[in-house]
Structure formats: structure tokens, C-alpha cells
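Below is one structure, written out as C-alpha cells, with a few remarks after it.
The values are calculated or read from the model by the stated rules, or taken from the named source; none is laboratory data. What you are looking at is a predicted structure, and each value in this text was computed from that prediction instead of being measured. Glycine gets a Cβ as well: all are built from the backbone with ideal geometry, and neighbour counts include every protein chain shown.
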Protein chains: 2
Amino acid sequence: VDEFGAIARYFAPLAAGEPGALGLTDDAAVLAPAPGMAFVLTKDLMAAGVHFLADDPPDLVARKLLRVNLSDLAAMGARPRAYLVGLTLPRPADEAWIAAFARGLAQDQAAFGVALAGGDTTAHDGPLVVSLTAVGEARPGGALRRSGARPGDLVCVSGTLGDAALGLRCLRGALGGLPPASRAALVERYRLPQPRVALGLALVGLASACIDVSDGLLADLGHVAETSGCRIVVRQDRVPLSPAAAQAVAGDPALMGDALAGGDDYELAFTVPPAAASRLPGEATVIGVVEAGAGVRLVDAGGNALPVPGRGGWTHF
Amino acid sequence: VDEFGAIARYFAPLAAGEPGALGLTDDAAVLAPAPGMAFVLTKDLMAAGVHFLADDPPDLVARKLLRVNLSDLAAMGARPRAYLVGLTLPRPADEAWIAAFARGLAQDQAAFGVALAGGDTTAHDGPLVVSLTAVGEARPGGALRRSGARPGDLVCVSGTLGDAALGLRCLRGALGGLPPASRAALVERYRLPQPRVALGLALVGLASACIDVSDGLLADLGHVAETSGCRIVVRQDRVPLSPAAAQAVAGDPALMGDALAGGDDYELAFTVPPAAASRLPGEATVIGVVEAGAGVRLVDAGGNALPVPGRGGWTHF
């Protein structure tokens, strides 16, 4: 199959639900936001050996790629609409790989209500690199931002943290003492993030600031602190752990660092004014407060400063 | 410099002209099209060793990347607005390379009136891969399409063809018999395309179909023929050559194949109804006609069929 054959056979069907994709037969897509809405645009890439393993199943690579981008839309409180995808395949291009990758996209398109609107595919003498631009919709001025946290706000996070980083450790052969079901649960969190799209939409008008936890909790809260011009204090004992992560940390307390600084959990970290505390969504856990000042401070239950683990998140360089 | 340092130092200044980029400090950009307009979205990637040479100057790589995407917007008759960029750098990331790449973007941003709205950067153990999503604006329903060619329409192309493919031959050590100035002119066409943005805008309401010549003239006209459901007949002797390309073809007639099937010229190929012939833009040359039927036919001045060179364009697999 050549590039045009791959587009027609595997990718054009993914564009069927978006008239503005023009069937992928034109040079570009033409998309208008719904009346009164703006587009929210984000672009994340993933490279084999950096963000996933070269022999990961192609459908999971596709779904993770789409989901990490949808997580950015979730962090903005945007409703997913469409996406464009870029594939740089190891030469020679493997049609079965492309077919499985497209199957993964098809599965998650249906789950998240988006459609393919364009992209580009090539082959090169190097590892797989995949990129995606996600298009969402939000009211102009209504998107969640990182800059709105104010002293007195509560700091919250959805779900549990550290699972993805611990899952990667499992894939690399560590944590052999955990029960198989716990290891499987952690690996699943690494391989297939669950973007918090519905939560992001629910936080519009409620959260004062929001970010998705992709670089690591403390690093990402550091971005919120910096853009908001305030300090964020995190109570380490309040950081929510899954049963599997709690088992791992019980066996080796240093693994708590994965919950604080490991990336790839794709939960939402957000701040809410105290007056909104009664309206906190069910998946939220309060883990700290916003203060005047700068930076992120990690404390124990008595308010004593704790060392900040790791280098504060992945930076990829 | 780490990823966040690179964003702040080299990329955030490129976003200063687009308020919707939110200073690159958020998870996504928030862009609304001008009133009454839709967004036109395209995504093209380039890999070292495939679309450019690994030691090409980084500012030229940046400018070519932006320009090949702007060429897709031009082919749709869209006005460029913003872009998102993805970098996958060979490890370890080279700050001087990033700085020069950003300088190239800055230069062409000013030339084409666009601003950076987001992106992603990583390093991996492999060759450089760069991708870009360009955002343009057009009236809904007013964008140029590939599907509107009708029997009787004139087939036109802007500028001259084959220069980029011949320039690549020069870079690979061929065409040594050409004068240095001719070789330099051809190499420049390969290294730095000139997207026909103004022409694309001028063709709205005039052209019945349009495409940019990136895969090769006959391959790209084949896309127009297929989506329009008609046949395109090209007179080989009418295909416009630059003085340098004409010198090359005079020395080796087989090099005419570069004008017909070589890619990367980024001119616009388009069709116009005969009634619009008097309003053809100055940079257009009429090279053929649209007929009932299918496919692309190459003919001489007497209407006799000529062999179609090459495999009909680059497909990258």
C-alpha cells in the first residue's frame, strides 16, 4: 500500500463523521466552530522509546496518542470535535501496523465523539514518531486556564496518581513482589490514559485554574503557581493512591515519588474557590491550598516541609 | 536548556502576536475565526533524509516546514492565521539548533502574517522529525477544492515546475555542467518554497478546482481529475520551465520528467472555466484542458499521447 492507498483504505473512513474533513481528498479541512464557540487547539507528539515502547500494540499507541491530546482539551474545559494525525513510520511501512493503528483510532473516536480531519504520513530510517493536533470547542473566555488560582483556593486532583509511572516500572521488570492483578492495573494506566473530558466540562465556571497531570503532579502544579502568581501547598498524605499504588508504596516508601513527580497519569489538577467546595465533583480529592507567594511546597500532616522528589517532572531533554 | 526553558526562551516570543496562544503557558490555544469565517486546518510533517537533508540549516528547515503547510492553505484559498509546531530532535537536544530553528520561524512569521499558537518538543534516539499544523481562514463554502473541475475548463499552473527536483539533483552532485548561478537558483527552489498565498486568495471565486504541486504535477492533477470525476489533458510543451530548468532539460531531455513528476515545487495547479480566461492572474500559464473521462493524459503539440514519466509523484512509502 502506498501513502494514498493507506489514506483511502484506513484513514478516510475515520473522517466520515466530519463533513469539514472533505473526505480527506483536499489539501486541508474546513471547520467552523458551533455558533458562539471558539476552537481550542493542542498538539502533542509521542516517540517510540520515549513516550511508549516500540513494540507496544499499534492500536494502543493510537489510542494513547489521541487520549493525551484529549487530556489537554479536558484541562481547558473544551468539548472534543476533531483531530489531525501525523505518522512517521520506520521504513518499510508496515500495512498491518497502519491498519491496527487506524483500528485504535476508530475505537476511541466512537468513545470520545471526535473525527479525523486530516494529517500526513511518511516513512523514514528511524523510530516511530506520532503526532496529533486535537480540535475542541469552548466558549471564548470560558476555557479553563492555568492562571486563575488565588490565595485561599483549594487544590484538587481527580482520580489517583502515580499509577502510570509505576506501570512503566512493571513493564521494565520492577515491582515483581506485587500481585499480578495490581501489576496489570498499573500497566493499564500507563498504556491507556483516561482523559477527564467530562470532568473538564463540569469544571467550567467552577475551577479557578486547571491543568492535566502529564509532567508530574508537582511540576504541573508548579506551572499553575507560576502562571497564577501564587504558591501552592500540597499535603503529601492527601495525594490519592490506587490500591495497587498503595501496595507498591507500602513496600518501598520512595515510590511515593511516582505519585508526586511521575508523569502520564492524565488526571486533572485544579483549584476551586472555597465557596465552591460544596460543589466539588465526586472524583476530586482536596490535596492542598493556594497561598500568597511562589512555587510549590510539599508538607506533611503537621505542615512541615518535605523534600520534593525527583527533578519535578519529565522534560524530555 | 530543558523543554520549558526552550519554550519560554525561543517559542513564547513567536506567540506574542496571537492573544489566543495564551503565551504558550496553557494546555491549548483558544482561537475564534473572524466573524463569518471558518478555519482551514492542515498538517504536514518533514523527516530528515526524506524531505530535507539532516545538515540543512535549521532556519531553512523551519521556513520550509512552515511554507509547505502555508502552501496547503494557499491551495484552499485560505488566509494564514496561526500554526502549531512539533519537534522531535535527535538526542541530546542542541540548543543552538533550536535557537536557529526559532529564528527561521520568526522570519517567516513576519513575512506571512502568522503566529505560533502551540506545539510540543521532545528528544529521541533517531533522526530529526518536524511537523506543523497550519490554521487559516476562509468563508464557509468559499474554500478552493479539488473537486470542481468540469469539462471545458482550462488547466493552469503558477510559476515554473521542476526546479525543486532539479535542485535536489544538484545537492546530490548531479548537473555539474550547469552554470553555478543556475545551480544556485535550482537549489534555492528546493530549500525554500514560495507558497502562493496571495494567488490562492485571488483564485477564490475564479478557479473551479485547485491543488498545490507537492507530489508532482501529473500526480497532483490526478488527484484533481479523480475528485472532480473528469480527465485532465496536459500539453507537455506548455509546462513552464525556469531558465535554469530549461538549460538542464536542453542538456538531458529526460530531465523534463522532473517538471512533470518531481515534487516540492509548491506552485498552484488549478482549473478555470473558459469564461474566466480573461481574468487569469499574471503568474498563471495555461497547460491543458479538462475533458470528460478519467485520469491524466500527457500529449504533445499535435495531441499525440506521450509516456508519463516516473511513477507519478512521491508517495513516501
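In region B:225-247, which residue that is among the aliphatic types (A, V, I, L, M) and assigned to a loop (DSSP other than H, G, I, E, B) is nearest to B:Cys210 (Cα to Cα)?
Ranking the qualifying residues of region B:225-247, first place goes to B:Val239.
For residues that are surrounded by fewer than 20 Cβ atoms within 10 Å (Cβ to Cβ) and among the charged types (D, E, K, R), tally how many sit in region B:30-58.
Number of matching residues: 2.
Grab the strands (runs of 3 or more DSSP E) fully contained in region B:10-98, keeping just those with 1 or more residues being in contact with a helix residue (DSSP H, G or I) (Cβ under 8 Å, 6 or more places away or on another chain) and either within 7 Å of another protein chain (Cβ to nearest Cβ) or at positive phi (or both).
By residue number, B:29-31, B:38-47.
Taking the options A:Asp108, A:Asp125, name whichever one is farther than 15 Å from A:Val1 by Cα, in contact with a helix residue (DSSP H, G or I) (Cβ under 8 Å, 6 or more places away or on another chain) and of a type in the set (Asp, Glu). Quick ask: steps written out before the conclusion?
Numbers: A:Asp125 fails: in contact with a helix residue (DSSP H, G or I) (Cβ under 8 Å, 6 or more places away or on another chain).
Sole residue among the options that is farther than 15 Å from A:Val1 by Cα, in contact with a helix residue (DSSP H, G or I) (Cβ under 8 Å, 6 or more places away or on another chain) and of a type in the set (Asp, Glu): A:Asp108.
Could you please let me know if B:Leu199 is in contact with a Pro (Cβ under 8 Å, 6 or more places away or on another chain), surrounded by fewer than 24 Cβ atoms within 10 Å (Cβ to Cβ) and either under 17 Å from B:Ala138 (Cα atoms) or touching a residue at least 24 places away in the same chain (Cβ under 8 Å) (or both)?
Against the criterion (in contact with a Pro (Cβ under 8 Å, 6 or more places away or on another chain), surrounded by fewer than 24 Cβ atoms within 10 Å (Cβ to Cβ) and either under 17 Å from B:Ala138 (Cα atoms) or touching a residue at least 24 places away in the same chain (Cβ under 8 Å) (or both)), B:Leu199 qualifies.
Answer yes if at least one residue in region B:228-251 is away from chain A (no Cβ under 14 Å), under 23 Å from the mean Cα position of the chain (by Cα) and at pLDDT below 95, and no otherwise.
no
Name the pairs whose Cβ atoms lie under 9 Å apart, with the first residue in region A:60-82 and under 13 Å from A:Asp108 (Cα atoms), the second assigned to a helix (DSSP H, G or I) and polar (S, T, N, Q), and 6 or more positions between them or separate chains?
Note: pairs meeting the criteria are A:Ala62/A:Gln107; A:Arg63/A:Gln107; A:Leu66/A:Gln109; A:Pro80/A:Asn69.
Out of the residues in region B:133-160 that are assigned to a loop (DSSP other than H, G, I, E, B) and within 16 Å of the chain's Cα centre (by Cα), which is farthest from the other protein chains (Cβ to nearest Cβ)? Quick ask: steps written out before the conclusion?
Filtering region B:133-160 for residues assigned to a loop (DSSP other than H, G, I, E, B) gives B:139-153, B:159-160.
Subsequent filtering for residues that are within 16 Å of the chain's Cα centre (by Cα) retains B:144-146, B:159-160.
Details: B:Leu144: 8, B:Arg145: 6, B:Arg146: 5, B:Gly159: 17, B:Thr160: 21 Å.
Restricting to residues being assigned to a loop (DSSP other than H, G, I, E, B) and within 16 Å of the chain's Cα centre (by Cα), the top hit is B:Thr160.
Could you please let me know if B:Asp258 is in contact with a helix residue (DSSP H, G or I) (Cβ under 6 Å, 6 or more places away or on another chain) and within 14 Å of another protein chain (Cβ to nearest Cβ)?
Considered against the rule, which asks whether it is in contact with a helix residue (DSSP H, G or I) (Cβ under 6 Å, 6 or more places away or on another chain) and within 14 Å of another protein chain (Cβ to nearest Cβ), B:Asp258 comes out as no.
Just name the residue that is surrounded by the most Cβ atoms within 10 Å (Cβ to Cβ) out of those in region B:110-132 that are in contact with an Asp or Glu (Cβ under 8 Å, 6 or more places away or on another chain) and either assigned to a helix (DSSP H, G or I) or not aliphatic (A, V, I, L, M) (or both).
B:Ser131
Being closer than 28 Å to A:Gly222 by Cα and surrounded by fewer than 24 Cβ atoms within 10 Å (Cβ to Cβ) narrows it down to one of A:Arg146, A:Arg150, A:Arg81, so name that one.
Every option except A:Arg150 fails the conditions.
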